[in-house]
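Student: Handing you this structure, nothing more for now.
The values are calculated or read from the model by the stated rules, or taken from the named source; none is laboratory data. Quick caveat, the model's predicted, so the values are computed rather than measured. Note: ideal-geometry Cβ built from the backbone for every residue, glycine included; neighbour counts use all protein chains shown.
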Amino acid sequence: MIERTEGITHELANLLDGSSRCLSLALTRLERSDTDPTGVEEARRQLSIVAGAMREMSGLVHAILAGRSAGSAWPLGIGESGSLADALHHAAAVMRPVAERRSVRIEVDTEAATESICAGPVYACVTGAIRNAVESIDRSGHGGGLILVRGLLAGGVFRIEVIDDGEGLPEGDPDRLFDAGASTKGSTGLGLSFAQDLVRSLGGSVRLEARPGRANGARLVVEGPATPLRDVQPGGGNA
């Protein structure tokens, strides 16, 4: 129970950091709206991102209070439809201000088919993966970088990839990074362990591997059974 609560708290910290930066950008744009009317629309977009992140944080908190696994906190997922595509785009949006402070770009590429399957609890897994990728790029010292978030669907299985051009994998067995407390950066090391718990709650798998065809960088791959949105009842569960 303590390990699960610490993992959820770790993801809350990610969401709070991204949300606070989005909120700060929105307030700045509103303050300048007299001289830049286009800023109002951008502020509205930023506030929408914050609202979505707050819904996710609410789900995490309720999971803690109810003593449930984190995966049970998400009835549909983030966004208007609750689709996997929505979740990936929103996770990138809420973490983008954090990345931009380190001159890191985030791009998202989702297949059309991911718009019709349920995101489930993968949102927090992706925000954590993006945060790890940002920090890896920052530690690499090459002054900026790129994170690519991909969403695919094939044969009833969804696949998420978070690809970065950071410092790459540590020496030894990369699977050890999924152990609670393991870290390459002096932090609590709960992010990947929590992600693995989330993905396993879906009956899926997660792995960290070297970026194909590159001397540096890493790729986090999440795979699991795809649930069509039409089969998910409002409020959670299968129809």
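Student: List pairs: first in the range 130-154 and modelled with pLDDT of 90 or more, second surrounded by fewer than 20 Cβ atoms within 10 Å (Cβ to Cβ) and among the hydroxyl-bearing types (Ser, Thr, Tyr), Cβ under 8 Å, 6+ apart or cross-chain?
Tutor: Every condition considered, the pairs that remain are Gly145/Ser103.
Student: Mind counting the residues in the range 93-122 that are hydroxyl-bearing (Ser, Thr, Tyr) and outside any helix (DSSP H, G or I)? Can you show your working first?
Tutor: Within the range 93-122, the first condition is being hydroxyl-bearing (Ser, Thr, Tyr), and the residues that meet it are 103, 110, 114, 116.
Among the residues that remain, those that are also outside any helix (DSSP H, G or I) are: 103, 110.
Qualifying residue count for the region: 2.
Student: Tell me, yes or no, whether the range 193-201 has at least one residue that is at pLDDT below 85 and loosely packed, with under 15 Cβ neighbours inside 10 Å.
Tutor: yes
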